[in-house]
């Protein structure tokens with residue numbers, strides 16, 4: 001529930017709004033995961049992370065319901081068949097999907113849901129909920145810097161890094177499919193830009209149309 005402050009310290013006017021889905025996408029190493037973590041750490045933003053369901057085995061460091069919802073292939077197939085996912089994909093023989101019901105419950109409360117998903121997932125979510133989606137694509141400042149970030153992770157072989165860079169070039173060509181495109185040459189600056197986008201999108205008239213219409217009608221009746 002959003003509000004607009006009245007003058008002279010009066011009680012804020014409750015305008016209300018439906019929540020939004022904020023989607024961050026980027027090539028591997030461009031900063032999407034770090035930005036997602038920063039957004040979730042700021043409790044004043046009241047963002048809820050969409051937790052994906054997956055058919056892969058749970059790792060020892062992972063907690064069911066926190067990192068993923070770990071489900072069977074049969075359960076995944078049933079949910080997919082009943083259109084219970086906003087988006088889904090197969091990756092290396094395992095299936096991943098974003099459950100629709102928990103997201104819808106949060107949006108109905110006027111709160112926002114954060115997604116850390118790729119281009120394919122973003123397009124699926126947009127098709128199913130076009131009025132609720134805000135998409136941001138994060139670009140690296142240079143391909144050289146992107147390679148450097150991947151190498152500094154010290155997580156992948158040189159061959160894997162080359163593959164990630166090839167995939168990155170394909171992903172970057174999709175930039176026109178996003179509402180906003182940010183170049184992450186300075187993490188703090190990029191984070192502030194994401195906050196600005198979120199603040200503006202929360203104030204978009206269409207998100208609080210019904211509540212504001214009711215308020216305006218009441219205002220004009222005085």
Check your understanding: Anyone know which of 114, 203, 22 comes out most mobile in the 10 Å Cα GNM of the chain?
Key -> 203
Check your understanding: Pulled fully out, how much extra length does the chain show between residue 120 and residue 181, if you take 0.36 nm times their separation in residues and subtract their Cα-Cα distance?
Key -> 20.3 nm
Revision key, fill the gap. Everything considered on the Cα gyration tensor (a ≥ b ≥ c; rounded for a/c under 1.5, else prolate if a/b is larger than b/c, else oblate), segment 153-200 must be described as oblate
Check your understanding: For residue 83 and residue 192, FRET efficiency with R0 = 25 Å and r from the beta-carbon atoms, rounded to 0.05?
Key -> 0.10
**Study point:** Extension reserve of the residue 74-residue 209 stretch, reckoned as 0.36 nm per residue once the Cα distance is removed
**Key:** 44.5 nm
Review point. Rg and Dmax of segment 33-90, using alpha carbons, in Å: what are they?
Key: 13.7, 39
Point to revise | Calculated FRET value between residue 128 and residue 221, using beta carbons and R₀ = 35 Å, to 0.05 | key: 0.35
Practice item. Over all alpha-carbon pairs in the chain, figure out the percentage whose distance exceeds 27 Å. Key: 41
Practice item. Multiply the residue gap between residue 90 and residue 156 by 0.36 nm, knock off their C-alpha separation, and tell me the result in nm, one decimal place. Key: 21.6 nm
Point to revise | In nm, spacing of pseudo-spin labels at residue 63 and residue 44 (7 Å Cα→C-beta vector) | key: 2.6
**Study point:** Compactness of segment 170-222 as Cα Rg over 2.2 N^0.38 Å, two decimals
**Key:** 1.77
Exercise for review: At 7 Å along the Cα-to-beta-carbon direction for both residue 166 and residue 142, put a label point, then send me their distance in nm to one decimal.
Suggested key: 2.4
Point to revise | Alpha-carbon centroids, segment 137-170 and segment 64-106: separation in whole Å | key: 28
Check your understanding: How long, wide and thick is segment 71-177, going by the Cα atoms along their three principal axes, in whole angstroms, largest first?
Key -> 42, 32, 21
Practice item. Go ahead and set up a Gaussian network model of the chain, Cα springs under 10 Å, then flag whichever of 50, 26, 60 fluctuates most. Key: 60
**Study point:** For the chain, built as a Gaussian network whose Cα springs stay under 10 Å, the top-fluctuating residue of 45, 86, 24
**Key:** 45
Review point. In the chain, what percentage of the DSSP-assigned beta bridges are antiparallel, given to the nearest 5?
Key: 35
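A short reminder: the numbers here are calculations on the coordinates, not readings from a lab. On a predicted model such as this, the values are computed, not experimentally measured, just so you know. Cβ coordinates were reconstructed from backbone atoms using ideal geometry, including for glycine residues, and neighbour counts include every protein chain displayed.
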